[in-house]
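Notes follow once the structure below has been shown.
The values are calculated or read from the model by the stated rules, or taken from the named source; none is laboratory data. Small disclaimer: the values here were computed from a predicted structure and weren't measured. For neighbour counting, all protein chains shown are included, and Cβ atoms are generated from backbone atoms with ideal geometry for every residue, glycine included. Heavy atoms of the whole protein, side chains included, go into the accessibility calculation; ligands, DNA and RNA do not. Shrake-Rupley method; radii C 1.70, N 1.55, O 1.52, S 1.80 Å.
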Amino acid sequence: MRKSLMLFLIVPAAIAAPSAEDTTAWFGTTSPAPLSDPRKPVMKYDDVFGPLPTAFAHRPGKADELLDASALKADQKRIVGFSLESFTAGDKVWGRRAATPAFQHTIEWTVSELKAAGLKDAKVETYAVPGTMWVPQTWQLQVIGDPAFGAGTQTVTLQSAFPQPGGASIPGGTMTAPVVYVGHGTDADLAGRDLKGKIAIVRVRPEPSLFGAGEQGVAARLVEKGAAGVINAIEGPGNPQYIDPRFACGKSPCFMIGGQDAWFLQTVIGKAANAGVLDRLKVAMSLTSREQDGLGSSNGVATLPGLSDTRIIINAHADGYFQGGDDNASGLAVLLGLAKYFAKQPKPKHTLMFVASGGHHGPGNGPASLVAAHPELKTGTLLILNLEHVAYADVVRGKVRPNNNIGMSWETSVTESAKAVGVTNESPFLFDLWKQASRCYGVATYQSAGTTVSGDLGGYRPLGAPRTQMIQSGTFYHSSGDVYEQVPAEGLERAARFHAFFIEQVDAANERLIAAGKGTPYQPMTHSCQ
Ligand SMILES: [Zn+2]
Ligand SMILES: [Zn+2]
């Protein structure tokens, strides 16, 4: 009796135990996709239904053609081209990264375009970069094969893996550790989880982008709690690479992986757990990096003198990661279009100062360096207008469930994603101008507005002048999916034509209306859209 009971207890355990012969490699999970080609869009653009059209009539003698979609797209292509130059050169963190040759070429070209447009004082203003720049040299992220996961299971390399800023060289080159899946990394997700010495995997939902993701800062916290390293697994389209310091974890190795690698890793973790062999699932992280010092960066600066020395500063950051099609080739292309357009108009009342900045992605802050180099800007600056991420094609969830990605499929909308409008001093006049963006120019904005101006305007704060912008950071923010094609030509034209109107109205207005804050009596505009 006792013997047969023992047998009865043992048999189910034997059945539950994994058997290498039972399944194919990785429990039958499809191998992860290769890295999405960073020279091509991840999404389909202009598929069955094209972007919302534009219909802006040219006004005789107004040089409107300088704000046409084709002119703006040509400049955006040129700007993205500097990033591709960096890609071809084999830069690891490629793009128009501040203080790199590709960035310097972008600034030099921008200045030459401004000069050619007739802005005679256009120049490159260099500045020393404090601190160092993190430069990763080699890296690899592998999920280690084990026969316990099915016959023929081989080690898999996650090709979209990208190390996050600050990660130091791993002693000995490689670290191999067991994994722990922590969901979104909230305290609720972490309850009862032992992170010590493990590689933690966080599921990051870029909603609508890494900038807005709730998982910001989680990676650093996981390392504080004992994790040996972190993988930020992005819930996003395709399999692009991402970089964003908000998902780094100091000197510890932290990586981001694209949507299809994230799906693979999450799927095999689940299957290994179901098979009772999760403790055998290990990840190997390799990373070598260095810190580069003695760097210099630059701003491109030009003015269009007005009847008065009081100035309106129009800024766009020239740096960016990967192609940076929207962040910020879109803003820089619009800045150039506006400079060329205003150079052909009668002399403005105010001086227009155009700044192609060294950006805020580091190293070195462009606007802060400009403000430090030009104490005269502290007086006579009426307004600072920033052009940043102005026409990103909206990427939304679709209606089918793919078998190699998390959640529903991803689709491109026929319009641009909505942008957040910020006016730091809450001038009723400026808010009223912004109201015309959607009403007259078809520019998609939030229905609400506020005082927040994230992005490149931070460095201008010491000037004490009102600052304003519209900005959005979409699904491919800070990723190799932020390509030239993701900025619809029509969206670029909408943004450019609205900003031309905005600057003209600010220039013509009573200066008190710009400086006047919330609650100032103001008679709203009643004009009709042209
Ligand atoms: Zn950015
Ligand atoms: Zn930006």
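Checking every one of the chymotrypsin sites (Phe, Trp or Tyr not before Pro) in region 35-117 against DSSP loop status and a limit of 12 other Cβ atoms within 10 Å picks out PHE49.
So how do HIS58, HIS478, HIS105 rank on accessible area, 1.4 Å probe, biggest first, that is with the largest at the start?
So the residues, ranked largest to smallest area, are HIS58, HIS105, HIS478.
Taking all protein chains as they are arranged and a probe of 1.4 Å, the heavy atoms of THR412 leave approximately 40 Å² accessible to solvent.
For region 391-472, the antiparallel share of DSSP beta bridges with both residues in that region comes to about 75%.
Peptides 457-463, 366-372, 331-337, 131-137 ordered by packing proxy, namely the average of other Cβ atoms within 10 Å per residue, highest first: 331-337, 366-372, 457-463, 131-137.
The string of couplings for region 457-470 from the Karplus curve (6.51, -1.76, 1.60, θ = phi - 60°) is 6, x, x, 8, 3, x, 6, x, 8, x, 10, 8, 5, 10 Hz, one whole number per residue in order, with x for Gly and Pro.
If you count Lys pairs in region 324-461 whose Cα atoms are under 28 Å apart, skipping same-chain pairs closer than 8 places in sequence, the total is 11. Short to long, the 5 Å bins of the Cα pair-distance histogram for region 173-326 hold 2, 8, 15, 18, 17, 12, 8, 6, 5, 4, 3, 2, 1, 1, 0, 0 percent of all pairs. Solvent-accessible surface of protein heavy atoms, probed at 1.4 angstrom with all chains present, puts LEU84, LEU141 in the order LEU84, LEU141, largest first.
Averaging 1/r over every pair of different alpha carbons in region 104-193 and inverting the result gives a Kirkwood radius of 19.0 Å.
Where both bridge residues fall in the chain, DSSP classifies roughly 55% of the beta bridges as antiparallel. Distant-in-sequence amide contacts of VAL204, defined by a placed amide H-H separation under 5 Å and a gap of 5 or more residues or a different chain, comprise ALA233, ILE234, GLU235. Probing with 1.4 Å while keeping every protein chain in the model, the per residue accessible area of region 19-80 equals 61 Å². Each Cα pair of the chain feeds into the Kirkwood radius, which the Stokes-Einstein equation turns, at 37 °C and 0.692 mPa s, into a diffusion coefficient of 132 µm²/s. 3J(HN,Hα) along region 35-48: 4, 4, 4, x, 8, 10, x, 6, 8, 8, 10, 6, 7, 7 Hz, from the Karplus curve 6.51 cos²θ - 1.76 cosθ + 1.60 with θ = phi - 60°, whole Hz, x for Gly and Pro. Whenever you get a sec, compute what percent of the accessible area on region 345-479 sits on carbon and sulfur atoms (1.4 Å probe). Ligands and nucleic acids excluded, carbon and sulfur give 53 percent. A full extension of the chain between GLU207 and ALA89 corresponds to an added length of 39.2 nm, given 0.36 nm per residue minus the alpha carbon distance. The HN-Hα couplings worked out from phi for region 397-409 by the Karplus form 6.51 cos²θ - 1.76 cosθ + 1.60 (θ = phi - 60°) are 6, x, 10, 10, 9, x, 9, 9, 7, 8, x, 7, 4 Hz, whole numbers, x standing for Gly and Pro. Taking amide hydrogens as placed 1.01 Å from N in the peptide plane, the amide H of ASN315 sits under 5 Å from those of VAL355, LEU385, ASN386, LEU387, each at least 5 positions away in sequence or on another chain.
By the Cα gyration tensor, region 150-257 has an equivalent ellipsoid whose semi-axes, rounded to whole angstrom, run 19, 17, 16 from largest to smallest. Counted over all Cα-Cα pairs of region 98-138, pairs farther apart than 13 Å make up 62 percent. For GLY325, nonlocal amide neighbours, meaning residues 5 or more places apart or on other chains whose placed amide H falls under 5 Å from its own, are VAL483, TYR484.
When +1 charges are put on Lys and Arg Cβ atoms and -1 charges on Asp and Glu Cβ atoms, the dipole computed for the chain relative to its Cα centre reaches about 560 debye. Here the Kirkwood formula, the inverse mean of 1/r across different C-alpha pairs, assigns region 341-431 a hydrodynamic radius of 17.8 Å.
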